[in-house]
Amino acid sequence: MPSKQPTPSSSHLHAHHAGDAKHAHYFEERSRTALMLALLLTLSFAAIEVMAGFVSNSLALISDAGHMVTDAAALGLALLAQLIAKRPPSARHSFGFGRAEALAAFVNGLVMLAVVAWIVMEALRRFATPQPVQGTMVFVVAAIGLAINLVVAWVLSRDQASMNTRAALVHVMGDLLGSVAAIIAGTVIALTGWMQIDPLLSLLVSVLILKSTVAILRESYHFLMEGVPHQIDYLKVGEDLAQVEGVLSVHDLHVWDMSPGHPALIGHLEIGDLDEWPQVLRAVKAMLLSRHGIDHVTLQPEAQH
């Protein structure tokens, strides 16, 4: 009587054997150091800029301060998401936690939309009722903020493999633009006393930030909804599969990203002779990898109807 096979463990079920795709459920090369350093730099200046913004009564500086605070939250979320994404697959989460990064990026984008909406409403109110602004204080604080933002942007730009790091970089770039606008506003106010330059530049920065934020929201939403990776032509994949020798038809085909940058494919192939399936499968896998960069492939063969 054959011995009973041991109950498979979660780690055994998730193991990759010879011939399996060597994908990871997260980007192993992503460095937490960049996010940690950016978070520390941002937090070190956020409190100072918030206080200075309210003391000087500058909307441009308050906007920049709001971006700094939002950046700190965004960077914290990004760091937390990377820690979560590195957790191995489990019995309850067989795909791992790679989508945590896209989820954090999506939340970051929504928060930034809220910040932009507040800036626009406050700017419109100040157009109707101009308020006095301390131009010299705005210039000095904004110049320091610009220097810090440049350092943070440089740190984050070195880790562009991560969708979530790019989302955090959008926040920082918005801050950088905000610092430039605040410097200009402080200079104009100090030299001419024209107070409406403050809300005017705040609106301009809001438009620029909105464009980048929408792009991040679109990318993270597409990933969370398991959309076909942008670099892959779904119809072309189907055509190429159907042209492999031995394949008669293709159906129930799905292509998505297991984790950012790691596309996967599942589908059904109707073939003329099931005995030829091993050869057909090898040809299909080689074609998908060479032409489309897909190495995580799960296909079910079906006999000709």
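Residue pairs whose Cβ atoms lie under 8 Å apart, separated by 6 or more positions or on different chains, with the first residue in the stretch 182-208 and in a helix (DSSP H, G or I) and the second surrounded by 15 or more Cβ atoms within 10 Å (Cβ to Cβ) and of a type in the set (Phe, Trp, Tyr), are Ala182/Phe139; Ile183/Phe139; Gly186/Phe139; Thr187/Phe139; Ala190/Phe139. Note on the stretch 237-250: residues that are in contact (Cβ under 8 Å) with a residue 24 or more places away in the chain and surrounded by fewer than 15 Cβ atoms within 10 Å (Cβ to Cβ) total 2.
Reported count of residues in the stretch 206-255, each being modelled with pLDDT of 85 or more and in contact with a Leu (Cβ under 6 Å, 6 or more places away or on another chain), is 4. The set of residues from the stretch 256-296 being open to solvent by less than 60 Å² (accessible area, probe 1.4 Å), under 18 Å from His230 (Cα atoms) and touching a residue at least 40 places away in the same chain (Cβ under 8 Å) comprises Met258, Ser259, Pro260, Gly261, His262, Ala264, Leu288, His292, Gly293, Ile294, His296.
The values are calculated or read from the model by the stated rules, or taken from the named source; none is laboratory data. Worth saying up front: this structure is predicted, and the values here are computed from it rather than measured. Reconstructed Cβ throughout: ideal geometry from the backbone, glycine too, with neighbour counts over all protein chains shown. Remember, those area values only see protein heavy atoms, side chains included, never the ligands or the DNA or RNA. Shrake-Rupley method; radii C 1.70, N 1.55, O 1.52, S 1.80 Å.
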